[in-house]
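Participant: I have a structure here, written as structure tokens, and I will follow up with some questions on it.
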Amino acid sequence: QVQIVESGGGLAQAGGSLRLSCAVSGRTWTRYELACFRQAPWKEREFVSAINWSGANTYYRDSVKGRFTISKDNAKNTAYLQMNSLKPEDTAVYYCAVRYGLDLRMTASDYAYWGQGTQVTVSS
């Protein structure tokens, strides 16, 4: 069983920063990939970023490239999403998700384990 707990969401002003943490517990001895998705009201869940086990490979959606940085600390089984230069359109519930595989995926259905989500609100 895998548990994921997100933290670090909250309220920020446009141009500000927040850092999300995704703590993974359970089946952590097997290499896994971790991704962040977000869902705004009345919108579908969308991919934000992903990182592989070693941290050497990362993916970002175009709208967050250059502003968001994903990283992970395997010793702590925790991943981080540093969000800078936040925009009101970044407002959403952010989810962390884990999959056991050999390649990074950007589709929500490819991830079997999900956290409960954390709200990020960016005011203009």
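Participant: Would you be able to tell me the number of residues in segment 104-124 that are assigned to a loop (DSSP other than H, G, I, E, B), within 23 Å of Gln13 (Cβ to Cβ) and either among the aliphatic types (A, V, I, L, M) or under 13 Å from the mean Cα position of the chain (by Cα) (or both)?
Facilitator: 1
Participant: Okay, moving on. Out of all the residues in segment 20-35, is one or more under 11 Å from the mean Cα position of the chain (by Cα), open to solvent by less than 30 Å² (accessible area, probe 1.4 Å) and within 19 Å of Ser85 (Cβ to Cβ)?
Facilitator: Within segment 20-35 (the criterion being under 11 Å from the mean Cα position of the chain (by Cα), open to solvent by less than 30 Å² (accessible area, probe 1.4 Å) and within 19 Å of Ser85 (Cβ to Cβ)), the answer is yes, since at least one residue qualifies.
Participant: Another question, if that's okay. Does Gly101 meet the test of being more than 20 Å from Val2 (Cα to Cα) and either outside any strand (DSSP E or B) or of a type in the set (D, E, K, R) (or both)?
Facilitator: Spelling it out, it is not the case that Gly101 is more than 20 Å from Val2 (Cα to Cα) and either outside any strand (DSSP E or B) or of a type in the set (D, E, K, R) (or both).
Participant: Still on this structure, I have one more. Could you count how many residues in segment 84-98 are of a type outside the set (Val, Ile, Thr), over 10 Å from the mean Cα position of the chain (by Cα) and not in a loop (DSSP other than H, G, I, E, B)?
Facilitator: 4
Participant: Shifting gears a bit: Can you tell me which residue is most open to solvent (accessible area, probe 1.4 Å) among those in segment 36-60 that are of a type in the set (D, E, K, R) and over 14 Å from Val122 (Cβ atoms)?
Facilitator: Once the filter is applied, the top-ranked residue is Glu44.
Participant: What is the number of the single condition among (1) over 15 Å from the mean Cα position of the chain (by Cα); (2) open to solvent by 20 Å² or more (accessible area, probe 1.4 Å); (3) on the phi < 0 side of the Ramachandran plot that Gly66 does not meet?
Facilitator: The one condition Gly66 does not meet is (3).
Participant: I'd like to know if segment 107-117 contains one or more residues that are open to solvent by less than 60 Å² (accessible area, probe 1.4 Å), within 19 Å of Arg27 (Cα to Cα) and of a type in the set (Phe, Trp, Tyr).
Facilitator: yes
Participant: Confirm whether Trp29 is outside any strand (DSSP E or B), modelled with pLDDT under 95 and more than 19 Å from Asp110 (Cα to Cα).
Facilitator: yes
Participant: Here is a further query. Go through segment 75-99 and give me each residue that's loosely packed, with under 14 Cβ neighbours inside 10 Å and free of Cβ contacts under 8 Å to residues at least 60 places away in the same chain.
Facilitator: Ala75, Lys76, Glu89
The values are calculated or read from the model by the stated rules, or taken from the named source; none is laboratory data. Keep in mind the model is a prediction, meaning the values are calculated, not measured. Virtual Cβ from ideal backbone geometry, glycine too; neighbours counted across all protein chains shown. These area figures cover heavy atoms from the full protein model, side chains too; ligands, DNA and RNA do not enter into them. Shrake-Rupley method; radii C 1.70, N 1.55, O 1.52, S 1.80 Å.
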